[in-house]
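Remarks on the structure that follows.
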Amino acid sequence: MTKITMPDAETVVEAGPVKIRAASFAPSKTSDLAVYDSGTIAFDREIEGPAVIEEKTTTILVPPGWSIRLDRCHAWYMWRE
């Protein structure tokens, strides 16, 4: 089994989205969706949806009107604006 390691708070060099995708959250309407690599997101940074956070074991969809934050215990918190 492969051990998953999370980045150290001091070693994360934050980057923006790794790509932009088109997504649909309503019939016949598309919008740009920022895609982030979870390993480049600094602790306590807030990201507004629409966005996708890609991890090695999961993918998190942040819908429009929602935000997400990674705390120092490596837990994701998501809330509606």
### Query
Looking at this structure, is I20 outside any loop (DSSP other than H, G, I, E, B), in contact with a helix residue (DSSP H, G or I) (Cβ under 8 Å, 6 or more places away or on another chain) and surrounded by 10 or more Cβ atoms within 10 Å (Cβ to Cβ)?
no
### Query
Do we have any residue at all in the stretch 62-80 that's within 15 Å of P17 (Cα to Cα), among the hydroxyl-bearing types (S, T, Y) and exposed (fewer than 15 other Cβ atoms within 10 Å of the Cβ)?
no
### Message
Looking at H74 and the list (1) touching a Pro at 6+ places or on another chain (Cβ under 9 Å); (2) in a loop (DSSP other than H, G, I, E, B), which single condition is not satisfied?
### Response
(1)
## Note on the structure
Of the residues in the stretch 23-62, those that are part of a strand (DSSP E or B) and not hydrophobic (A, V, I, L, M, F, W, C) number 11
### Summary
Of the candidates T2, T11, T58, the one satisfying the condition of being at pLDDT 90 or above and loosely packed, with under 10 Cβ neighbours inside 10 Å is T58
## Note on the structure
Across the stretch 36-55, the tally of residues that are of a type in the set (A, V, I, L, M, F, W, C) and surrounded by fewer than 16 Cβ atoms within 10 Å (Cβ to Cβ) stands at 1
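The values are calculated or read from the model by the stated rules, or taken from the named source; none is laboratory data. This is a predicted model, so every value here is computed, not measured. Backbone-built Cβ (ideal geometry, glycine too); neighbour counts: all protein chains shown.
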